[in-house]
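The values are calculated or read from the model by the stated rules, or taken from the named source; none is laboratory data. Since the structure is predicted, the reported quantities are computational estimates derived from the model, not experimental observations. Here the Cβ is made from the backbone with ideal geometry for all residues, glycine too, and neighbour counts use every protein chain on show. Side chains included, ligands, DNA and RNA excluded: accessible areas come from the protein's heavy atoms. Shrake-Rupley method; radii C 1.70, N 1.55, O 1.52, S 1.80 Å.
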Amino acid sequence: MLLENRSQGDRTADAFSRHIHWGLWPRLRGTGIRGRSVVAAQERLDDTVAGGALISDGMTVLDVGCGFGGTLGRLSERLPSARLVGVNIDHRQLTRALATRAQFICADGCALPLPSTAFDAVLAVECIFHFPSRLAFLREAQRVLKPGGRLSLSDFVRVDQTEPGNAVSRWLEDQVAKGYGRQSAWSDGDYRAMADKAGLVVEQDADVTRLTLPTYLYLLADGIARALTGRGHVPIRSTLVLFLLSALGAVRYRLVVLRKPGAPGVVGAPGALDALGKAGRSG
């Protein structure tokens, strides 16, 4: 949808021209929901995910599912000596990626064509639910991470991780899938179970759902405006269903940090994401 809108010269899609992910809002009340504030919220999410991996200058960083390269572009501006690599399975996005110091590779995140123990940190911003297997990706991330390295990610997580067993649940999932794709199955357990199978340790796991909700309002308003003017397209029904599922607690937006055991690295700041999780729950 974004590629189609941009090919038609649509500049109103600028809020998603660098980042193809939701935003993290510092508060819900008194927040203006406009293109500029959406970009600021997206950058706040980037900074939070990168902060979970304790990324600093001089590190070697891999961003899987890098989209248009916005996350790496932000790291490139702030960390002049870091080595940055982005992987995306869609070459169309990579051809439109931001011009930065980052190296881009068109590849499958569950079968990375990269050497083992090569990266200090791996990021996966709002993409892992598209992969055929979350566990397969976690194992690949563990393989390419150096001992003590961290994987930091954001994910839409269903509270009920069993397969939809009734017609209403299946209908809701189908409506979301029409606009945003179908989530991969949870056949390998929750993140702690998958981490154990992949040889990783969960360091932090925060629920920040409430702090992402304004993104839906922006998308719904933009979608209605586009429908009225015939200018581009936003999946209104899919967005509304996902918004309601998130607001009602059936789908949670989680920030997860996993560490590869081994040589001691920098100890993570305990509760850094947990504080965000508390803010997300309290609003």
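Put D190, D63 in order of accessible area, largest first, 1.4 Å probe: what do you get?
On the way: D190 75, D63 0 Å².
In descending accessible area the options line up as D190, D63.
Distance between the modelled labels on Q161 and L217, one decimal in nanometres: 3.2 nm (7 Å Cα→Cβ projection). Gain on full extension, evaluated as 0.36 nm per residue between V202 and I105 minus their Cα-Cα distance, stands at 32.2 nm. When the Cα convex hull of the range 66-210 is projected onto planes of every orientation, the mean area is 9.8 nm². Of the residues H233, A247, L213, the one whose Cα sits farthest toward the positive end of the charge dipole of the range 189-250, with +1 on the Cβ of Lys and Arg and -1 on the Cβ of Asp and Glu, is H233. Excluding same-chain neighbours fewer than eight residues apart, the aspartates and glutamates reachable from K260 by a Cα-Cα span under 18 Å are D63, D120, E140, D190, D196, E203, D205. Please give me the summed charge of the neighbours of T60: other residues whose Cβ is under 10 Å from its Cβ, Lys and Arg +1, Asp and Glu -1. Net local charge, T60 excluded: +1. Other residues with beta-carbon under 12 Å from the beta-carbon of D90 carry, at +1 per Lys or Arg and -1 per Asp or Glu, a net charge of +1. Note on the range 89-137: with neighbouring protein chains present and a 1.4 Å probe, carbon and sulfur make up 56 percent of its accessible heavy-atom surface.
Please give the charge dipole size of the range 147-262, origin at the Cα centre, charges +1 on K and R Cβ atoms and -1 on D and E Cβ atoms. Round to the nearest 20 debye.
Values: 15 positive and 12 negative charges, 67 e Å.
Once rounded to the nearest 20, the dipole reads 320 debye.
A viscosity of 1.567 mPa s and a temperature of 4 °C, combined with the Kirkwood radius over C-alpha pairs in the Stokes-Einstein formula, give the range 130-192 a diffusion coefficient of 95 µm²/s.
Charge tally around R74: other residues with Cβ under 11 Å, Lys/Arg +1 each, Asp/Glu -1 each, net -2.
Positive end of the charge dipole of the range 89-170 (Lys, Arg +1 and Asp, Glu -1 on Cβ, about the Cα centre): tell me which of P115, S154, G165 has its Cα farthest that way. It is P115, whose Cα lies furthest towards the positive end.
For the residues K178, K146, K260, K197, a 1.4 Å probe over the protein chains yields an accessible-area ranking, largest first, of K178, K197, K146, K260.
What separates the Cα centres of the range 205-229 and the range 65-135 is a distance of 25 Å.
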